[in-house]
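Each remark here refers to the structure printed beneath this line.
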Amino acid sequence: MTKRFFGDIGPVRFEGPKSDNPFAFRHYDPARLVMGKTMADHLRPAVCYWHNFAWMGSDMFGAPTFVRPWEGDDMKAARLKADVAFDMVSTLGFPFFTFHDKDVVPEGGSLGEFGRNLAEMTDVFAEKMQATKIKLLWGTANLFSHPRYMAGAATNPDPDVFAYAVAQVKNAIDATHKLGGANYVLWGGREGYETLLNTDLVREQEQLGRFLSMVVDYKHKIGFKGVLLVEPKPQEPTKHQYDFDVATVAGFLDRFELEREVKLNIEVGHAVLAHHSFEHEVALAVALGLLGSVDANRNDYQSGWDTDQFPNNAAELVPALYFILKNGGIAPGGFNFDSKVRRQSIDPGDLLIGHIGGIDACAEALVAAARLIEDGKFDKMRADRYAGWNEPKAQAMLKPAATLEGIAKRVAHEKIDPKPRSGRQELFENVVGRYL
Ligand code: XLS
Ligand code: NI
Ligand code: NI
């Protein structure tokens, strides 16, 4: 590298909430202990290749706005991109990065060339990871950008596309495995439909189930120790995506007997698109034992689009962090910033500022959620609400021996007449707010 992309900025350090240095953390203090674990170990933040290095600032109506020295479609450009990417992760002091195969190398003219490029870049990454101690949170394959995937990858009506996708995923898992990735992600960007009029959804879901089962088998065959993660999203780019939300994917995994093999990568903006909240998706995944990792970002609430903005609202994140802490943490997952700067943020420093604000919001929420748990009042309020269920008579109703007529008889005999009790929602909200 002749001239450093980020000029003289960095390394980014913790300076505390009073700092007005835009290139300092105000809440994220990587080494600070929270409930006996460092903030870095709790959040396991990652920089993604995709938004930072593969998107040049174009939108539906406008040309690219960013000037990036690594723009180009050859391995020379890819190497420069890798230099800047590792410089960026080091400057932020984040422990992880994530990538799609297509983000890091050109596809070239054939799958063979694509595979060779990826293998070459895997060696480059391995060296850089060794030198910087930066680790791979997850790798993935882009099965949605190329026109061949316009009608889906695993769910394509053309079996040759299915085969091609399988081959591409094999290469991406091999690369992830070689780099000791903590996880491997499958986001089915086009695994859905535009119109049911031309779609056999029974067949397509069978194909998707088979595909995922083969990925699971391959993982075991090569001894990949990372966790396989499906990333739910309800729509966009398709009208309807099969991996709609946590509940839908949970059902899908059960149906194909993959619920012990695959976990979920939950993205904030996708939760919003599904008309859920982020904490809903997290809480449900925790409840089902399916929480894998998080794609941290936020959505614009008006747009109806996956805007992938950096998170900046700590208060909104507290409930999700609470459920994550209750789950015993997110590892081997982490907080991957699947976030991008706005199209007008054209300065190199803007990329850093986005991540700084994002991790600060997560760190502030983490501390608040930890206080909430350590203090104990909140958990007690939640437990008190269900205290009646601790009674033996209540417990008996949940046993297999319980019957409708038995319970009905007891209601008459004991003249049971329940009185409404306040759910105290505002109190719960106020208590959560107290810890920020
Ligand atoms: C797109 C997804 C994508 C996945 C990885 O909406 O969030 O970025 O995280 O393919
Ligand atoms: Ni994502
Ligand atoms: Ni997304």
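Given the condition free of Cβ contacts under 8 Å to residues at least 24 places away in the same chain, more than 12 Å from ligand 1 (Cβ to nearest atom) and farther than 22 Å from D338 by Cβ, answer yes or no: does some residue in segment 257-278 qualify? Checked segment 257-278: at least one residue is free of Cβ contacts under 8 Å to residues at least 24 places away in the same chain, more than 12 Å from ligand 1 (Cβ to nearest atom) and farther than 22 Å from D338 by Cβ.
Condition check for V246 on (1) touching a residue at least 40 places away in the same chain (Cβ under 8 Å); (2) more than 11 Å from ligand 1 (Cβ to nearest atom); (3) over 16 Å from the mean Cα position of the chain (by Cα); (4) within 30 Å of L197 (Cβ to Cβ): one failure, at (3). Only residues that are open to solvent by 10 Å² or more (accessible area, probe 1.4 Å) and touching a Pro at 6+ places or on another chain (Cβ under 8 Å) were counted across segment 46-61, and they come to 2.
Restricting to segment 287-305, name every residue that is under 24 Å from V215 (Cβ atoms) and either among the aliphatic types (A, V, I, L, M) or out of contact with any His (no Cβ under 9 Å at 6 or more places or on another chain) (or both). Scanning segment 287-305 gives L288, G289, L290, L291, G292, S293, V294.
Considering only residues of segment 279-291 that are more than 29 Å from P17 (Cα to Cα) and surrounded by 23 or more Cβ atoms within 10 Å (Cβ to Cβ), which is nearest to ligand 1 (Cβ to nearest atom)?
Looking only at segment 279-291, we keep the residues that are more than 29 Å from P17 (Cα to Cα), and these are 280-281, 283-291.
Checking the rest, the ones that are also surrounded by 23 or more Cβ atoms within 10 Å (Cβ to Cβ) come to 281, 285, 291.
Details: E281: 13, A285: 15, L291: 16 Å.
Result: E281.
Going by the conditions given, is A151 within 16 Å of ligand 1 (Cβ to nearest atom), crowded, with 16+ Cβ neighbours inside 10 Å and touching a residue at least 12 places away in the same chain (Cβ under 8 Å)? So A151 fails the test. Note on segment 75-187: no enclosed strands (runs of 3 or more DSSP E) hold 1 or more residues that are of a type in the set (D, E) and farther than 22 Å from K263 by Cβ.
On inspection, L201 does not qualify as over 19 Å from the mean Cα position of the chain (by Cα) and crowded, with 21+ Cβ neighbours inside 10 Å. Evaluated against (1) within 22 Å of L43 (Cα to Cα); (2) surrounded by fewer than 17 Cβ atoms within 10 Å (Cβ to Cβ); (3) not acidic (D, E), L136 falls short on exactly one condition, (2). No other residue among L143, L136 is in contact with a Leu (Cβ under 8 Å, 6 or more places away or on another chain) and within 16 Å of ligand 1 (Cβ to nearest atom) apart from L136.
For D300, indicate whether it is surrounded by fewer than 17 Cβ atoms within 10 Å (Cβ to Cβ), free of Cβ contacts under 8 Å to residues at least 60 places away in the same chain, charged (D, E, K, R) and within 16 Å of ligand 3 (Cβ to nearest atom). If you could, list the steps in order and put the result at the bottom.
Values: surrounded by fewer than 17 Cβ atoms within 10 Å (Cβ to Cβ): yes; free of Cβ contacts under 8 Å to residues at least 60 places away in the same chain: yes; charged (D, E, K, R): yes; within 16 Å of ligand 3 (Cβ to nearest atom): yes.
Yes, satisfied.
Selection of segment 294-326 for residues being aliphatic (A, V, I, L, M) and within 13 Å of ligand 1 (Cβ to nearest atom) yields V294, A296.
Would you check if there is a residue in segment 341-356 being of a type in the set (V, I, T) and within 27 Å of E261 (Cα to Cα)?
Kept after step one, since they are of a type in the set (V, I, T), are these residues of segment 341-356: 341, 346, 353, 356.
Those still in the list that are within 27 Å of E261 (Cα to Cα) too: none.
There is no residue in segment 341-356 that is of a type in the set (V, I, T) and within 27 Å of E261 (Cα to Cα).
Flag not set for D174, criterion: surrounded by 17 or more Cβ atoms within 10 Å (Cβ to Cβ) and within 16 Å of ligand 3 (Cβ to nearest atom).
For segment 104-148, the tally of residues that are under 19 Å from H51 (Cβ atoms) and either touching a residue at least 60 places away in the same chain (Cβ under 8 Å) or polar (S, T, N, Q) (or both) stands at 6. If you scan segment 231-251, which residues turn out to be away from ligand 3 (no atom under 15 Å from the Cβ), open to solvent by 50 Å² or more (accessible area, probe 1.4 Å) and in a loop (DSSP other than H, G, I, E, B)? Matches in segment 231-251: K239 only.
So, R385, is that one out of contact with any His (no Cβ under 9 Å at 6 or more places or on another chain), among the charged types (D, E, K, R), in contact (Cβ under 8 Å) with a residue 40 or more places away in the chain and within 29 Å of S422 (Cα to Cα) or not?
On the way: out of contact with any His (no Cβ under 9 Å at 6 or more places or on another chain): yes; among the charged types (D, E, K, R): yes; in contact (Cβ under 8 Å) with a residue 40 or more places away in the chain: no; within 29 Å of S422 (Cα to Cα): yes.
When the stated conditions are applied, R385 does not pass them.
When you scan segment 30-44, do you find a residue that is open to solvent by less than 40 Å² (accessible area, probe 1.4 Å) and among the small types (G, A, S), even just one? Yes: segment 30-44 contains one or more residues that are open to solvent by less than 40 Å² (accessible area, probe 1.4 Å) and among the small types (G, A, S). For segment 252-270, the criterion of a residue being within 16 Å of G329 (Cα to Cα), within 12 Å of ligand 3 (Cβ to nearest atom), under 14 Å from the mean Cα position of the chain (by Cα) and among the hydrophobic types (A, V, I, L, M, F, W, C) is satisfied by at least one position.
The values are calculated or read from the model by the stated rules, or taken from the named source; none is laboratory data. Not measured: the values here are computed from a predicted model. Here the Cβ is made from the backbone with ideal geometry for all residues, glycine too, and neighbour counts use every protein chain on show. We work out accessible area using only protein heavy atoms, side chains counted, and drop any ligands, DNA or RNA first. Shrake-Rupley method; radii C 1.70, N 1.55, O 1.52, S 1.80 Å.
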